[in-house]
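Here the structure is laid out as structure tokens; the discussion comes afterwards.
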Amino acid sequence: MPYLGSEDAVKELKRALSNPNIQADRLRYRNVIHKVIRHMTQGVDVSSVFMEMVKASATVDIVQKKLVYLYMCTYACQKPDLALLAINTLCKDCSDPNPMVRGLALRSMCNLRMPGIIEYIQQPIHNGLRDKASYVRRVAVLGCSKMHSQQGDVEVDGVVVNELYSLLRDPDPIVVVNCLRALEEILKGEGGVVINKPIAHHLLNRMAELDQWGQSEVLGFLLRYNPKTEDELFDILNLLDNFLKSNHTSVVMGATKLFLVLAVEFPNVQRDVLGRLKGPLLAASASESKEMCFAALCHVREILRSMPGHFSSHYKKFFCSYNDPHYIKSQKMDILCELVNDENVHNVLEELRICCTDISVQLAQTAIFAIGRIAKTFSEKCVKILSQLLEFNQEHITSAVIQTFRDLVWLCPQCIAKVCLALPGCEEIIQDNEGKRALIWLLGMHGDVISNAPYILEDFVDNIKTEISPTVKIELLTAVVRLFLSRPAECQDMLGRLIYYCIEEEIDMAVRDRGLFYYRLLASGVNEAKQVMNSPKSDPTLSVLENQTDQPINTWVPAFNTLMPLHDIKHGLALTAGSEGDHHVSDCTWHYVGAAGVTAIIWLSVLLGFLIFRKKRLLLDKAQDSTETCEMEEQKQDDEMEIVYCAVAFPEKVKPKSKEHESTVYSEVAFNANRNQPEYQTYNPANEITYASVKMSTGPETGITDVYAVVKKNPTKGLSEP
């Protein structure tokens, strides 16, 4: 939005630019142009003085030329007709004896975003590529890339590409780097610039002449070259050795990645290079730049995947500072968990214990989860610290500790006794859903050794109507059923009340379905229920999925020195172990798995989904083939019916097949498995159609009884296939 009074200011500037007295005074004229640029950068529309600024470009003052060219590049897209008037001045300046003027004019011409500019800049760019001044050649090379981007999908100009390839041997090192970037942009549709043996050797020999940013760029392009012989490989590594000692972190990281890629078949060489990278990474981790520090910590975590304990002697470098942001503190805690050993475990746990009482809730819970990871190795010390944290009676601390206990007892059965002693009293503090689920799971799984476990669960059952989270209800239902099998006398009454509520009053279909499942399970017999519910209380073998250490270096080398380590999904899962998911999950015992575990789960899920899909298709096909045997006698007496949807078991929501039925929402559908008659129906006054859910009998030969169809009553139509 223009500033108040900006129109008057622009008119005043326009009069000043046209004043002959001001034009005669070079300093006053330049000051007026300065004011125009100042208003432009403040958001004021000064496009009305475009013609006056074009006239001002005809000067020998290079400072004034820079200001005018900046203005024209900004407003050329709004005033394309007037901008063409400045082309002659720019073309003339491209032939100026001063190389600074030539380069400035060529750069400004390439920045004019206006239609038809290509035909004016082609010849100046070609002339600039052969200019004697290196500055002009630098600008011309980048101008080739800009010209190609403005041409769109036009075929690549082979003459320009060949010219750029020849300029890779230019004596100016900046021209060489600019050629690489321009070729990469122009040839991106063909895979980018090609690095063959002559080009690779030439770039390696010119590395010492480049500045630090140029060296980083060239090291990235050299990743595309694969040496043909082992002798050539080690010659290249010897040339790169000095760049591992550079003072610039970007150069060190680029040289390290090139070492790791070239020495893919020499693990000892790779480990030696990573050992030399320790110093630069530690220095970057202590950098005042938070972005640099975070990137360095992420790469430290990547190295620890293949070399556990590599930074153990420098573990104090990863202690949290008071002014570190949360994301850096979280990274440092994650690294400390990987560096723990018998010698430093006391100091590391003390550092994490201090972070557990941080004013930030998220940081405090992250520190508690970190102690839980260490507890898998040093369980006695960690359980003692976690039990002491419960004395603070803080809701977020207690919740995180209980979640940590839940995960810990699975992997460390020797901790069960101490964990059970710490649970009583926590139910009065925990308020979040994930903490409730963890506490309920512990009470249900280990309630046989917790004396007041039934009475704590009974409090949850009494308040079930005020509970909002379906996941907490499902967890409570599972825990009460499991505890009933070990302590039936104390749990019988509350189990009956809970199952009755879930089946008759609960509106969430997942909770209702789970209640029906447990009701039928208990009705089948106690022994059968125990076989299903009495699962192992601990499984130390799960630690194999979590402790994915000592991975081959080559597994993460492609992501090294990129942004990928900064977006590690598994690390994000570990830090958010206490967050509640959007799906209904019961008996969730661990939140973090390694690559092998994730892969196994994905394949199992795909296989299970395929089997379920095939089974449902078979059931629906059989149900459709036997629609004439459906028990719909009472409905047929009144109206004819049309089946619009068929579903198996207890669907949470029935979706109509056509647009005309979208106004009817099917929810909260309750079915009675003992009667073959409509259990749910609704009337839509818009089209005078009544929708009903009817149970269908498919015959004893199929072994299927819970198949339902949604029908619509319409006296004008007969029964049709779904």
Inset, instruction - Output the residues belonging to region 120-137 that are part of a helix (DSSP H, G or I) and more than 44 Å from the chain's Cα centre (by Cα). - result: Tyr120, Gln123, Pro124, His126, Asn127, Gly128
Inset, instruction - Evaluate the following for Met494: is it within 19 Å of Asn452 (Cβ to Cβ) and either of a type in the set (Val, Ile, Thr) or outside the structural domain of Gln414 (by TED's automatic domain parsing) (or both)? - result: yes
Inset, instruction - Report yes if some residue within region 479-491 is outside any loop (DSSP other than H, G, I, E, B) and under 35 Å from the mean Cα position of the chain (by Cα); otherwise report no. - result: yes
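Does Ser287 qualify as being in a loop (DSSP other than H, G, I, E, B) and within 23 Å of Met253 (Cα to Cα)?
Answer is yes for this residue.
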Legend entry - Val218 being in a helix (DSSP H, G or I), surrounded by 12 or more Cβ atoms within 10 Å (Cβ to Cβ) and either within 30 Å of the chain's Cα centre (by Cα) or free of Cβ contacts under 8 Å to residues at least 60 places away in the same chain (or both): yes
Legend entry - Any pair with Cβ under 7 angstrom, 6 or more apart, that starts in region 300-315 at a residue that is on the phi < 0 side of the Ramachandran plot and ends at one that is of a type in the set (Asp, Glu): Arg301/Asp334; Leu304/Glu338; Ser306/Asp550; Pro308/Glu338; Pro308/Asp550
Legend entry - Residues of region 506-541 classified as out of contact with any helix residue (DSSP H, G or I) (no Cβ under 8 Å at 6 or more places or on another chain) and either under 23 Å from Val461 (Cα atoms) or among the polar types (S, T, N, Q) (or both), total: 11
Inset, instruction - Could you check Glu155 against (1) touching an Asp or Glu at 6+ places or on another chain (Cβ under 6 Å); (2) in a loop (DSSP other than H, G, I, E, B); (3) charged (D, E, K, R) and say which number it fails? - result: (1)
Legend entry - Residues within region 46-63 that are more than 14 Å from Cys73 (Cα to Cα) and not β-branched (Val, Ile, Thr), tallied: 6
Legend entry - Test for Phe318: is it buried (at least 20 other Cβ atoms within 10 Å of the Cβ), aromatic (Phe, Trp, Tyr), closer than 18 Å to Trp556 by Cβ and over 20 Å from the mean Cα position of the chain (by Cα): no
Legend entry - In region 273-308, the residues that are within 27 Å of Leu240 (Cβ to Cβ), loosely packed, with under 15 Cβ neighbours inside 10 Å and in contact with an Asp or Glu (Cβ under 9 Å, 6 or more places away or on another chain): none
Inset, instruction - Would you kindly identify the helices (runs of 4 or more DSSP H) lying entirely within region 342-445 that contain at least 2 residues that are in contact with a Lys or Arg (Cβ under 6 Å, 6 or more places away or on another chain)? - result: 379-389, 433-445
Legend entry - In region 520-554, the residues that are modelled with pLDDT under 75, polar (S, T, N, Q) and either in contact with a Lys or Arg (Cβ under 6 Å, 6 or more places away or on another chain) or part of a helix (DSSP H, G or I) (or both): Thr541, Ser543
Inset, instruction - Inspect region 47-66 for any residue being under 18 Å from Gly143 (Cα atoms) and either assigned by TED's automatic domain parsing to the domain that holds Val136 or at pLDDT 90 or above (or both) and give the result as yes or no. - result: yes
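The values are calculated or read from the model by the stated rules, or taken from the named source; none is laboratory data. None of these values were measured; they are calculated from a predicted model. For neighbour counting, all protein chains shown are included, and Cβ atoms are generated from backbone atoms with ideal geometry for every residue, glycine included.
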